[in-house]
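*Asks:* What follows is a structure written as C-alpha cells; I'll ask about it next.
Every number here is computed from the coordinates shown, using simple stated rules; none is lab data. Predicted, not measured: the structure shown is a model, and the values here were computed from it. Quick reminder, even Gly has a Cβ in these numbers, built from the backbone with ideal geometry, and neighbours come from all protein chains shown.
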C-alpha cells in the first residue's frame, strides 16, 4: 500500500471520528438549556425579546440540521476510510479513539464538562481493548486458517 493511500485512510478515519463527536455536540445543543441562553442573547442582539421562541426554535432547528449533516458526513468518511484501508478493524479503532478524545475536548470547551480521571481510565481501556482485538484479528487473518479465529495453537510448531 502506498504512503499516500495509507495516510488517506488514516485522515479519513480521524475526520470521521471528529464528525461523530460534532454530531453528538449538535444533538445535545438541540435539547440543552444552553441553547435557550444563546438564543436569548442572539434575540437581544437583534433588539428582540429575550424570550422570543421563534429565534430559539430556529437555532434549535439549525443545530438539529447540523446534527443530521455531521452524521451523514461521518458515515461517508467512515465508509471511504474502510474502502482504502487494509484493515477495517484499524479504521474502527482510529475512528472510535478520535471520537472519544474529541468528544471529551468539545464537552469541556462547549459545555464546561469536567471528566473525572476514572472516565479517562475507562476511555483508555476501551481504546486499548480495541487495539488488542484489532491486532488479534489481523493475526488470524494473516494465518489464513479458516475457523481458527482467536484460537491459539496448543503447540508452537502448529502455526505453519
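*Asks:* Simple spin-label model, 7 Å along Cα-to-Cβ: residue 7 to residue 69 in nm?
*Replies:* Rounded to a tenth, the inter-label distance reads 2.9 nm.
*Asks:* Another question about this same structure. What spacing in nm lies between the two simple spin-label points modelled at residue 124 and residue 48, each 7 Å away from Cα in the Cβ direction?
*Replies:* Spacing of the two 7 Å Cα→Cβ label points: 4.7 nm.
*Asks:* Which order do 88, 45 fall in if you start with the one that has the fewest other Cβ atoms within 10 Å?
*Replies:* So the residues, fewest neighbours to most, are 45, 88.
*Asks:* So, one more: Region 1-140: D in µm²/s via Stokes-Einstein (Kirkwood Rh, Cα pairs, 4 °C, 1.567 mPa s)?
*Replies:* 77 µm²/s
*Asks:* Let me ask something else about it. Please arrange 33, 113, 56 by counting, for each residue, the other beta carbons lying within 10 Å of its beta carbon, fewest first.
*Replies:* 33, 113, 56
*Asks:* Something else about it: Sort 101, 74, 125 by Cβ crowding within 10 Å, fewest neighbours at the top.
*Replies:* Going from least to most buried by this count: 125, 101, 74.
*Asks:* Turning to a different aspect of this structure: Measuring from a point 7 Å past the Cα of residue 32 along Cα-to-C-beta, which residues in region 61-89 have an amide N at less than 18 Å?
*Replies:* Output list for this probe position: 61-71.
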